[in-house]
Number of protein chains: 2
Amino acid sequence: MELLKIYECLCDRTRLRVLNLLSQGPLCVCHFQEILREPQVKISKHLAYLRARGLVEVERRGKWMIYELPGKPSRELKANLACLQDCAREEGIFRRDLERLGKLDLTCTPVKATSGATRNCC
Amino acid sequence: MELLKIYECLCDRTRLRVLNLLSQGPLCVCHFQEILREPQVKISKHLAYLRARGLVEVERRGKWMIYELPGKPSRELKANLACLQDCAREEGIFRRDLERLGKLDLTCTPVKATSGATRNCC
DNA sequence: GATACATATTCCTTTGCGGGAATATATATC
DNA sequence: GATATATATTCCCGCAAAGGAATATGTATC
């Protein structure tokens with residue numbers, strides 16, 4: 001993977017937030033919307049951008065699209081994602097995103113759950 | 001230093017090449033021109049871009065402007081420059097730049113040299 | 001098959017950036 | 001001070017990308 005392409009993906013705030021969240025595990029679009037508090041079209045387009053360049057992978061689960069980091073990242077990508085994760089810890093916006101993600105996961109019920117769950121995408 | 005600003009500086013090929021060269025030490029504009037083989041205006045403008053965002057520092061020496069990486073880089077910048085330097089080793093264009101830099105340094109005579117030097121900027 | 005939900009895509013506008021030609025500025029040399 | 005050299009800046013153009021409204025697509029449910 002070409003180094004420049006990686007940095008082109010990293011030079012937008014929304015995409016940085018997305019990748020920071022994905023460092024914790026897969027996520028669906030609706031959760032990105034909740035955590036980032038950005039309109040659906042914005043999230044979708046940045047995810048498409050990242051996908052077209054191989055920074056994320058997608059898998060459909062029912063109505064939901066689950067995004068995650070590549071299973072076999074290149075050396076350069078792995079290094080840069082690690083660097084991002086490390087640096088993001090020191091910036092408020094990224095920390096807040098991770099906090100919101102943590103709270104969300106507590107109320108997030110898996111697919112096999114019986115009832116009462118507001119979401120069951122991931 | 002804001003993380004996004006760093007990545008905005010890294011998302012252009014010319015700037016990546018400049019920063020990769022600077023990881024070896026200070027350089028003047030004319031040397032960038034020779035190594036990168038790009039027009040002067042292009043080099044100057046990217047250096048101005050990097051300077052405005054604190055990624056490089058400048059010092060005038062006679063007719064020449066000597067650019068170098070910040071003396072006291074932030075934690076994020078240091079981490080990302082190290083990552084870049086590491087990854088750049090695996091990409092042809094950056095390796096070739098470093099090779100040209102090495103050859104150049106051999107013929108580059110310091111300021112105190114007596115005569116015959118084609119350059120004495122750095 | 002009609003409806004609701006989750007997500008993607010299209011169309012449009014605006015903006016910032018990269019590139020180059022020309023010009024300006026600063027310094028050294030004569 | 002005239003000239004040459006090194007570098008910066010201005011002006012212009014073209015393009016890609018970001019953002020949003022509206023619409024399309026795919027899936028589950030009834």
Residues satisfying the stated conditions in the stretch B:1-16, i.e. more than 7 Å from chain A (Cβ to nearest Cβ) and closer than 23 Å to residue B:98 by Cβ: B:6, B:9, B:12, B:14, B:15
Scan the stretch A:55-69 for residues that are touching a helix residue (DSSP H, G or I) at 6+ places or on another chain (Cβ under 8 Å) and either away from DNA strand D (no atom under 11 Å from the Cβ) or within 23 Å of residue B:76 (Cα to Cα) (or both) and jot them down. A:55, A:56, A:57, A:58, A:67, A:68, A:69
Within the stretch A:24-43, can one find any residue that is surrounded by fewer than 17 Cβ atoms within 10 Å (Cβ to Cβ), touching a helix residue (DSSP H, G or I) at 6+ places or on another chain (Cβ under 8 Å) and among the small types (Gly, Ala, Ser)? no
Name the residue that is farthest from residue A:26 (Cα to Cα), counting only residues in the stretch A:63-76 that are surrounded by 13 or more Cβ atoms within 10 Å (Cβ to Cβ) and more than 7 Å from DNA strand C (Cβ to nearest atom). A:76
Check on residue B:72, out of contact with any Leu (no Cβ under 9 Å at 6 or more places or on another chain), farther than 22 Å from residue B:92 by Cα and near DNA strand D (Cβ under 10 Å from one of its atoms): no
Restricting attention to the stretch A:39-50, does a residue exist that is aliphatic (A, V, I, L, M), within 11 Å of DNA strand C (Cβ to nearest atom), within 14 Å of another protein chain (Cβ to nearest Cβ) and within 26 Å of residue B:5 (Cβ to Cβ)? yes
Could you list all residues from the stretch B:63-92 that are under 17 Å from residue B:20 (Cβ atoms) and assigned to a loop (DSSP other than H, G, I, E, B)? B:69, B:70, B:73, B:89, B:90, B:91
Pairs with Cβ under 9 Å, 6+ apart, first in the stretch B:27-45 and within 13 Å of residue B:56 (Cα to Cα) and of a type in the set (Val, Ile, Thr), second assigned to a strand (DSSP E or B) and more than 8 Å from DNA strand C (Cβ to nearest atom): B:29/B:64; B:29/B:65; B:29/B:66; B:29/B:67
Specify which of the listed residues (B:119, B:95, B:60) is in a strand (DSSP E or B) and either modelled with pLDDT under 95 or surrounded by 12 or more Cβ atoms within 10 Å (Cβ to Cβ) (or both). B:60
Note down all Cβ pairs under 6 Å where the first residue falls in the stretch B:8-23 and is touching a residue at least 40 places away in the same chain (Cβ under 8 Å), the second is of a type in the set (Gly, Ala, Ser) and in a helix (DSSP H, G or I), and they're at least six residues apart or on different chains. B:20/B:88
Return a yes/no flag: does the stretch B:6-27 have any residue that is away from DNA strand C (no atom under 11 Å from the Cβ) and over 14 Å from the mean Cα position of the chain (by Cα). yes
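The values are calculated or read from the model by the stated rules, or taken from the named source; none is laboratory data. Quick caveat, the model's predicted, so the values are computed rather than measured. Ideal geometry is used to build each Cβ from the backbone, glycine not excepted, and the neighbour counts take in all protein chains shown.
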